[in-house]
Amino acid sequence: MAVFTPVTLDQAQTWLAGYELGRAVELAPIAEGVENTNYRLETDRGRFVLTLFEGRTDEASLPFCLGLTAHLADRGFPAPRPVADRSGGWLGRLNGRAAAVIEWKTGAWLRQPSPADQAAAGAVLARLHQAAEGYAGRRTNPVGPPAWRRLADRCAGAAKGEDRLLLDRVEGALARLGDPFADDLPTGAIHADYFPDNVLFEDGAVSGVIDFYFGCTGALAYDLAIALSAWGFDADGRATPDALAAFQRGYEAVRPLSEAERQALPRLGEAAALRFTLTRLHDRIFHDPSNLVTPKDPAVFLNRLDHWRAREAA
């Protein structure tokens, strides 16, 4: 359960005095996610998400992230619109954290998406890239190569046993990969965390795309590589060819890749595997047991490297 900062119903009600959302009647923790604290907020005027932004989310980046979801929602994309307070702002402070109220999106994420679901999710990612065109905000990727180096160095001071062996493999991959973003590929605002638990389905269709807090300016093909790495592998990190093919087919039905993007995709897949391996390894090594969240296994993401390397060599 992703709860780092407790909030009581009374505290929420006091804070909501700055909004025109009525009286808070229920506040329930949302048991998904590992980055921020999220509550389902029920008021006498509707249902919302109350998010408190934790350590890894740079407060200065939040206008970009919330502005991106507003931009997308304005263009008919199923992103949750941030709710403005009485002064017109999206951000406040609650229990020492930056906080925001977000529109509630109905639906649920799929534990076992079918090939048709994979294709639908791919198509919606392509729609996101198209709808984001023209968004004026810019944000450097907060978990790009410089952050990988910092994470690896910090892990090196504390890694033992299995984590040390995993870090040795990571170091070899970092040295081999170099800068995966040297190519001049189409760029724009990207989600950068397009995992199944951030894509909601209802009645067989995508009803919402949530959690844009790793959103940044980057290569569109890298966003696709992250998504393929998230949707196209089993629980042990083994490739599922049908899923990979369905997701990419859905994406390219809306936004066909250029030849340069197609050639770069395996290398960008390696980059995605390293990025999520390092953040998961860091979170496991430095896990605070008082936080109600279970660290994810970094090894299953590192296993994806073998697939992407084989594709690059083919």
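The values are calculated or read from the model by the stated rules, or taken from the named source; none is laboratory data. Not measured: the values here are computed from a predicted model. Cβ: placed from backbone, ideal geometry, glycine included. Neighbour counts: every protein chain shown. Heavy atoms of the whole protein, side chains included, go into the accessibility calculation; ligands, DNA and RNA do not. Shrake-Rupley method; radii C 1.70, N 1.55, O 1.52, S 1.80 Å.
Data overview
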{"item": "Descending Cα extents along the principal axes, the stretch 196-314, whole Å", "result": "47, 39, 29"}
{"item": "Exposure ranking of 57, 8 by accessible area [1.4 Å probe, largest first]", "result": "8, 57"}
{"item": "Stokes-Einstein translational diffusion, the stretch 182-258 - Kirkwood Rh over all Cα pairs, 0.890 mPa s, 25 °C, in µm²/s", "result": "182 µm²/s"}
{"item": "Compactness of the stretch 11-118, expressed as Rg and Dmax over alpha-carbon positions, Å", "result": "14.6, 46"}
{"item": "Solvent-accessible heavy-atom area per residue, rounded to whole Å², over the stretch 133-242 at 1.4 Å", "result": "45 Å²"}
{"item": "Nonlocal amide H pairs with residue 206, under 5 Å, H built at 1.01 Å", "result": "none"}
{"item": "In Hz, Karplus ³J(HN,Hα) per residue of the stretch 3-13 (6.51, -1.76, 1.60; θ = phi - 60°; x = Gly, Pro)", "result": "10, 9, 10, x, 9, 8, 4, 5, 5, 4, 5"}
{"item": "Highest-MSF residue in the chain out of 25, 170, 101 [GNM, Cα springs under 10 Å]", "result": "25"}
{"item": "Cβ-defined net charge surrounding residue 266, 12 Å radius [Lys, Arg +1; Asp, Glu -1]", "result": "+1"}
{"item": "The chain, accessible surface, carbon-and-sulfur percent (1.4 angstrom probe)", "result": "51 percent"}
{"item": "Residues whose placed amide H lies under 5 Å from that of residue 192, excluding near-sequence neighbours", "result": "none"}
{"item": "Rg(Cα)/(2.2 N^0.38 Å) for the stretch 50-102, N = residue count", "result": "1.12"}
{"item": "Heavy atoms of residue 26 accessible to a 1.4 Å probe, total area in Å² rounded to 10", "result": "80 Å²"}
{"item": "Principal axis box of the chain, alpha-carbon based, largest edge first, Å", "result": "59, 46, 35"}
{"item": "Overall dimensions of the stretch 58-192 by Cα: Rg and Dmax, Å", "result": "19.1, 53"}
{"item": "Residues whose placed amide H lies under 5 Å from that of residue 139, excluding near-sequence neighbours", "result": "217"}
{"item": "Summed side-chain charge close to residue 87 - residues other than residue 87 whose Cβ falls under 15 Å, Lys, Arg +1, Asp, Glu -1", "result": "0"}
